[in-house]
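Asker: Sharing a structure below in structure tokens format, with a few things to ask.
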Amino acid sequence: MKHLRLISTVGAMAVAVAVSAQNKIVLHPENAKQTISKDIYGHFAEHLGHCIYGGIYVGADSKIPNTNGYRNDVVDALKALKIPVLRWPGGCFADTYHWKDGIGPKEKRPSIINTNWGGVTEDNSFGTHEFLDFCELLGCDAYVNLNVGSGDVREAAEWVEYITSANESPMTQLRKQNGREDPWNVKYFGIGNENWGCGGNMEPEYYADLYRRFATFCGGAPYRIACGATADDPNWTEVLMKKTEKQHSITQGLSLHKYTLPINTWTGSKGSATDFKEDLWYSTVSEAWAMDSLLDLHIGIMQKYDPNNEVGVIFDEWGCWYDVEPGTNPGFLFQQNTMRDAIVAGMGLNIFNNHAERVQMANIAQMVNVLQAVILTKDEQMVLTPTYYVFKMYADHQGAKLIPTDVQSNKYTFEGKSTKTICASASEKDGVVTLTLVNLNPNKGESVDVEIGQLAAKTLKGEIVTASKMNDYNDFGQAEKITLKPFDVKKPAKGVLKVDMPAMSVIKIQLSK
Ligand code: AHR
């Protein structure tokens, strides 16, 4: 049944939407057993473009307000996001990075060429201390990615020792000389990055042997993460799991990377971040579902070798990848962020929540000024992107118990192609149930019946991220077009909560006793 309904709850916007009523979500609170790792809400910061320099770190002498060189505006915005974990220094940069270049007095640190990203000179003024102190400032865990591609085992092992050891040794003495008495509390260490590509173009068998060697000698690393597959390369996962099957004590995580591209090519145009029509909206949001099927694929393989879920999936690069903004350095991967990105962010986080039994961490690429960033900066100005607001909205899922859901969804159809239009996840923490919903369709509202059963619902709260146009975005020096707004939630009747979702919307609903 279809009819027009006026939804007047979206801030000042009154949105007339055609709604239909076949969407249904059944919550199963009786099966809420898995904890959603807070680290699914993680981030990634690489020495790439203006992610670190200009975005996070401007140096203590900058006219941009800062604390020890870290931008105050960016730090405040990130703290409000409750970031759980941050990965660094790459990405591809990690397998070119020699950590001893980035410690000690800054004026003595050597400069290097950043061969992956624009061939620019990297002065190493942001190194181990600057990164780990930044994580302490944000109150988040650090995830350090070691160099396998162009580094050696000794260099990696010494870095782990420099960071984590409380004993006396040449490395810990060096750390103390550089001003840090106590070790940092770092749990996560990645052993190489994309070693099937920029990290050395290796075969999985060769990398698996290297992994075992590095992981053995980096014994001080509490949680070691092997480089996993690119998107749909099941053979890489198969070989890695097989060759490390007997070594689960040295493998705690296996990474996975999947970027969402409107036009699926690494060599030609991927499409503009802002100047697009519905064909590229459709291809992007339908492609985002691949994060779901790829997880099923890789987890299925892992299950054969590790039926007890001892090795976590670390989805440490994900997000939308478009052409760079016109006039910007092609090697800097700077792109704007629209309502389309908010949809993909909401979908990704729901998908990871729903795989909570295996997904231990996810890191959106990247935190500031690169790819699907939550923050963009231009000199002293800062913009919070639609993706930022989705992360803010979803933060209540961190560390909550996943409530399994059955989702029956209408189709979003474009030029004869169809995809599911509703993507959802739910969780419970401290007596509060949080349900997050995404409607992918940019033209049509969707009515969703949520069967909440016996769940008590005295207090009901809602929030929404939506837009008037699919390529709306927040720009420098202008009022925000996309932000978090309150969303009115109707009282449930007979155990069913009816949610009228506007077109292209991400919604959070909370129920508490
Ligand atoms: O995030 C940008 C790049 O994408 C990373 O450096 C690399 O790991 C991936 O190919």
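The values are calculated or read from the model by the stated rules, or taken from the named source; none is laboratory data. Please read all numbers here as calculations on a predicted model, not as lab measurements. Glycine gets a Cβ as well: all are built from the backbone with ideal geometry, and neighbour counts include every protein chain shown. The area values use the complete protein model at the heavy-atom level, side chains included, leaving out ligands, DNA and RNA. Shrake-Rupley method; radii C 1.70, N 1.55, O 1.52, S 1.80 Å.
Asker: What whole-number distance in Å separates the alpha-carbon centres of segment 125-201 and segment 449-486?
Answerer: Using only Cα atoms, the two centres lie 39 Å from each other.
Asker: For segment 380-511, list log₁₀ I(q)/I(0) at each q in 0.17 Å⁻¹, using the Debye formula over Cα point scatterers of equal strength and ignoring solvent, two decimals each.
Answerer: Log10 of I(q)/I(0), two decimals: -0.95.
Asker: Could you put Glu161, Glu446 in order of accessible surface area, largest first, with the 1.4 Å probe and the full protein assembly present?
Answerer: On the way: Glu161 65, Glu446 0 Å².
Ranked from most to least accessible, the order is Glu161, Glu446.
Asker: Measure nothing fancy, just the Cα-based angle from helix 204-217's long axis to the longest principal axis of the chain, in degrees from 0 to 90, nearest 10.
Answerer: The answer is roughly 60 degrees.
Asker: Could you pull out every Cys in the chain that lacks a partner Cys with its beta carbon under 4.7 Å away?
Answerer: If one checks each Cβ against the other cysteines of the chain, Cys51, Cys135, Cys140, Cys218, Cys227, Cys320, Cys423 turn up with nothing under 4.7 Å.
Asker: Can you give me the accessible area per residue for the chain, using a 1.4 Å probe, in Å²? Intermediate values should be presented prior to the final figure.
Answerer: Values: 19510 Å² over 513 residues.
For the chain, the per-residue accessible area is 38 Å².
Asker: Could I ask something else about it? First compute the accessible area of the chain with a 1.4 Å probe, then give the percent of it belonging to carbon and sulfur atoms. Show your work: numbers first, answer last.
Answerer: Details: 9780 of 19510 Å².
About 50 percent, which is the carbon plus sulfur part of the accessible surface.
Asker: Just how far, in whole angstrom, is segment 284-333 from segment 379-420 if you go by their alpha carbon centroids?
Answerer: Comparing the Cα centres of segment 379-420 and segment 284-333, I get a distance of 15 Å.
Asker: DSSP beta bridges in the chain, what fraction antiparallel, as a percent rounded to 5?
Answerer: Details: 63 of 101 bridges.
Bridges in the chain that DSSP calls antiparallel: roughly 60 percent.
Asker: In degrees, nearest 10, range 0 to 90: what is the angle between the Cα axis of helix 290-305 and the longest Cα principal axis of the chain?
Answerer: It is inclined by approximately 60 degrees.
Asker: Largest first, how would Val186, Val496 line up by accessible area (1.4 Å probe)? Intermediate values should be presented prior to the final figure.
Answerer: On the way: Val186 5, Val496 45 Å².
Heavy-atom accessible area, descending, gives Val496, Val186.
Asker: Would you check the accessible area of Thr216, probe 1.4 Å, heavy atoms only, in square angstrom rounded to 10?
Answerer: For Thr216, solvent-accessible area is about 80 Å².
Asker: Also, quick follow-up: Kindly sort His50, His397 by accessible area of their heavy atoms, largest first, with the probe set to 1.4 Å. Before the final figure, lay out the partial values.
Answerer: On the way: His50 95, His397 0 Å².
Per-residue accessible area, sorted high to low, gives His50, His397.
Asker: Rounded to whole Hz and in sequence order, give me ³J(HN,Hα) for segment 325-336 from the Karplus expression 6.51 cos²θ - 1.76 cosθ + 1.60, θ = phi - 60°, writing x for Gly and Pro.
Answerer: 4, x, x, 9, 4, x, x, 9, 6, 8, 9, 6
Asker: Relative to the first principal axis of the alpha-carbon coordinates of the chain, what is the inclination of helix 153-164, with its axis defined by its Cα atoms, in degrees from 0 to 90 and to the nearest 10?
Answerer: Between the helix axis and the principal axis of the chain, the angle is about 70 degrees.
Asker: Let me ask you something else. Just the ratio, please: alpha-carbon radius of gyration of the chain over 2.2 N^0.38 Å, N its number of residues.
Answerer: Dividing the Cα Rg of the chain by 2.2 N^0.38 Å gives 0.97.
Asker: With every protein chain left in place, what is the accessible area of Asp76 in Å² (1.4 Å probe, nearest 10)?
Answerer: Around 100 Å² of this residue is reachable by solvent.
Asker: Helix-only estimate, please: 222 nm mean residue ellipticity of the chain, summing -39500 (n - 2.57) across DSSP H runs of length 4 or more and dividing by its residues, to the nearest 500. Let's see the in-between values first.
Answerer: Numbers: 10 runs with 116 residues, N = 513.
Helix-only estimate at 222 nm: -7000 deg cm²/dmol.
Asker: Could I ask something else about it? With +1 on each Lys and Arg Cβ and -1 on each Asp and Glu Cβ, how big is the dipole of segment 38-399 about its Cα centre, in debye rounded to the nearest 20? Write out the running numbers ahead of the final one.
Answerer: Details: 29 positive and 46 negative charges, 97 e Å.
In debye, rounded to 20, segment 38-399 gives about 460.
Asker: Could you state how much accessible area Lys304 has, in square angstrom rounded to the nearest 10, with a 1.4 Å probe and all protein chains kept in place?
Answerer: Counting only protein heavy atoms, Lys304 exposes about 130 Å² to solvent.
Asker: Give the relative contact order (percent, whole number) for segment 38-399; include only Cα pairs under 8 Å separated by 6+ residues. Don't jump to the answer; show the numbers that get you there.
Answerer: Working: 722 pairs, mean separation 72.9, N = 362.
For segment 38-399, the relative contact order is 20 percent.
Asker: Another question, if that's okay. Taking all pairs of distinct Cα atoms, average 1/r, flip it, and tell me the Kirkwood hydrodynamic radius of segment 111-218 in Å to one decimal place. Can you show the working numbers first?
Answerer: Values: mean 1/r = 0.0654 Å⁻¹.
With all distinct Cα pairs of segment 111-218 included, I get 15.3 Å.
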